1. With a probe of 1.4 Å, find how much accessible area the chain has per residue, and write the answer as a whole number in Å².
2. Helix-derived [θ] at 222 nm for the chain: sum -39500 (n - 2.57) over DSSP H runs of at least 4, divide by residue count, nearest 500?
3. Give the peptides 51-63, 19-31 in descending order of average Cβ contacts within 10 Å, highest first.
4. Hey, what does the equivalent ellipsoid look like for the chain, semi-axes from the Cα gyration tensor as sqrt of 5 times each eigenvalue, largest first, whole Å?
5. For a label point 7 Å from the Cα of ILE24 along Cα→C-beta, name the residues of segment 34-65 whose backbone N is under 15 Å from it.
6. Through the Karplus equation 6.51 cos²θ - 1.76 cosθ + 1.60, θ set to phi - 60°, convert the phi angles of segment 37-48 into ³J(HN,Hα) values in whole Hz; use x for Gly and Pro.
Amino acid sequence: MTEHKGACCSSPAAICYWLAASLIAWGVLSLIGIYWRPLHGSSAATILFAMAIGCVANWLRNRTLHCAITGPYF
């Protein structure tokens, strides 16, 4: 018999990696935001940039199709 895999495109490890990369990117961008006001920590642009960086990092490591699509979108 062949093994049936679920339809999910992301594993829990990939989601945790994306979250960690996004949080690190948000922290770095927030530090830059101390000196350049448009990137302050609660700015929507900062949050979206951090999510995009997390998607690109996850795509480079795990080749998740979802992140290849949403990374440039963010």
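1. Values: 5510 Å² over 74 residues.
Accessible surface, normalised per residue, equals 74 Å².
2. The helix contribution divided over the chain gives -23500 deg cm²/dmol.
3. Those peptides, ordered most packed to least, come out 51-63, 19-31.
4. Equivalent ellipsoid of the chain: 30, 11, 8 Å, largest first.
5. 50-62
6. 3, x, 9, 5, x, 9, 5, 4, 5, 5, 5, 5
The values are calculated or read from the model by the stated rules, or taken from the named source; none is laboratory data. Treat the numbers as computed from the prediction; the structure is a model and nothing was measured. Glycine also receives a Cβ, built like all others from the backbone with ideal geometry; neighbour counts cover every protein chain displayed. To get the accessible areas, we keep the full protein, side chains included, count just its heavy atoms, and leave off ligands, DNA and RNA. Shrake-Rupley method; radii C 1.70, N 1.55, O 1.52, S 1.80 Å.
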